[in-house]
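K.L.:
Here it is, the structure in full.
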Amino acid sequence: MNLTGKIGLVIVVGLLLVALVGPFFIPLERVTFQDLERSFDPPSWQHPMGLDENGRDILARVVYGARISLSVGVTVVVISATVGLLLGLLSGYAGGWVDRFISGFWFNVFLAFPGILLAIATVAFLGASLANLIFALCVIGWVGYARLIRAQVLKVREYDFVTAARALGASDLRILFRHILPNAVQPLIVQASLGMAGAILAEASLSFLGLGIPPPMPSWGAMLSDARTHFASGWHLTVFPAAMITLTVLGFNLLGDGLREWLDPRQRPR
């Protein structure tokens, strides 16, 4: 893996440690505890990221916001990749009217709508909650994985070893999962890493618009939304959540670029 991929891996591992280990050192009560007399306090030794407009500890809210953002990202990527993998395998291997129906109709139906607008409409219709947010992001996320796997299957199914397995009487399921899938899944791993960044950014965008996790649980996007009118009186309300979003998206993008080079022998340096 190249240097940028290693940097991305370090960032991602650090964020996972913050999300997993942080709550053991920061009790949940600090997320909602309000000290209105100390609202907008700047960073200090007691509160390294300061206090927000309601006197709540920003560090505690950022840590618990990391848990929500990463859990949403992982759940969305796992569900979207699984659905996209199955439909992409079926469409690419079956061909004919099955391929025309799945790739020619369903793919185009979902691609006809701007993804974030479809997610906004879905959450606005169903109501703001964690489950509805994940569902909305899965609705717009599976198509990219399905198209990628379909393209890989269309290429791999013409290889000689697949033709030989078919000539030897191997079943379709054995050909799909024993011969085609292992040789077509590498780009999906890279896409999943990049998809984590997209899912986290989409969650922050929906939370910024008030369509994410309902209060009092913190979300980086909701924290930015609450802080946008208080930048003059408390710069730290905006800087720290925005820095976490930027760092998280950057880390997963760098990791995805590193995985792309590492998994593809043609891109490795000689």
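K.L.:
Once fully extended, how much extra length lies between VAL10 and LEU126, figured as 0.36 nm per residue of separation less the alpha-carbon to alpha-carbon distance?
P.N.:
Taking VAL10 through LEU126 to full extension adds about 38.0 nm, to one decimal.
K.L.:
With no solvent and one equal point scatterer placed on each C-alpha of the stretch 163-246, evaluate the Debye formula and give log10 I(q)/I(0) for q = 0.13, 0.18, 0.21, 0.26 Å⁻¹, two decimals.
P.N.:
Here the Debye-derived log intensity ratios amount to -0.58, -0.79, -0.94, -1.15.
K.L.:
Neighbouring Cβ atoms within 10 Å as the yardstick, rank ARG174, ARG56, ARG147 fewest first.
P.N.:
Fewest to most other Cβ atoms nearby, the residues stand as ARG174, ARG147, ARG56.
K.L.:
How are the alpha carbon pair distances in the stretch 38-152 distributed across 5 Å bins from zero to the largest one, expressed in percent?
P.N.:
2, 11, 15, 15, 13, 11, 10, 7, 5, 5, 4, 2, 1, 0
K.L.:
Still on this structure, I have one more. P(r) for the stretch 135-207, please, calculated from all Cα pair distances in 10 Å bins and given in %.
P.N.:
All Cα pairs considered, the percentages come to 18, 38, 24, 14, 5, 0.
K.L.:
Would you mind getting me the FRET efficiency between TRP262 and LEU117? Use the beta-carbon distance for r and R0 = 51 Å, nearest 0.05.
P.N.:
The computed FRET efficiency comes out at 0.90.
K.L.:
Sticking with this one: For the chain, what does the relative contact order come out to in percent, with C-alpha contacts under 8 Å and a separation of six or more?
P.N.:
Dividing the mean separation by the residue count of the chain yields 29 percent.
K.L.:
Once both axes come from the Cα atoms, what is the angle between helix 115-126 and the longest principal axis of the chain, in degrees from 0 to 90, rounded to 10?
P.N.:
Relative to the chain, helix 115-126 is tipped by roughly 70 degrees.
K.L.:
Any idea what the relative contact order of the stretch 93-222 is, in percent, if you count C-alpha pairs under 8 Å spaced at least 6 apart?
P.N.:
Computed over the stretch 93-222, the figure is 29 percent.
K.L.:
Something else now. If you line up the long axis of helix 236-263 against the longest principal axis of the chain, both from Cα atoms, how many degrees apart are they, to the nearest 10?
P.N.:
20
K.L.:
Using the C-alpha gyration tensor of the stretch 1-85, what are the square roots of 5 times its eigenvalues, in whole angstrom, with the largest one first?
P.N.:
Equivalent-ellipsoid dimensions as semi-axes: 31, 17, 10 Å.
K.L.:
Quick one: what Rg and Dmax do you get for the stretch 103-243 from the alpha carbons, in Å?
P.N.:
21.0, 74
K.L.:
Around TRP106, with a cut-off of 14 angstrom between Cβ atoms, what is the net charge of the other residues, counting Lys and Arg +1 and Asp and Glu -1?
P.N.:
That works out to +2.
K.L.:
Taking just the alpha-carbon atoms of the chain, what radius of gyration and Dmax come out, in angstrom?
P.N.:
Calculated on Cα positions, Rg and Dmax stand at 22.0, 78 Å.
K.L.:
Quickly estimate the mean residue ellipticity at 222 nm for the chain, helices only: each DSSP H run with n ≥ 4 gives -39500 (n - 2.57), and the total goes over all residues, rounded to 500.
P.N.:
Per the formula, -22500 deg cm²/dmol.
K.L.:
Continuing with the same structure: Calculate, for PHE25 and HIS230, the FRET efficiency according to 1/(1 + (r/R0)^6) with r their C-beta to C-beta distance and R0 22 Å; round to the nearest 0.05.
P.N.:
About 0.20, to the nearest 0.05.
K.L.:
Apply the Karplus parameterisation 6.51 cos²θ - 1.76 cosθ + 1.60, with θ equal to phi minus 60°, to every residue of the stretch 156-162 and state each ³J(HN,Hα) to the nearest whole Hz, in sequence, with x for glycine and proline.
P.N.:
Here the 3J(HN,Hα) series is 6, 5, 8, 5, 5, 5, 6 Hz.
Every number here is computed from the coordinates shown, using simple stated rules; none is lab data. Note that the structure is predicted; figures quoted are calculated from it, not measured. Glycine gets a Cβ as well: all are built from the backbone with ideal geometry, and neighbour counts include every protein chain shown.
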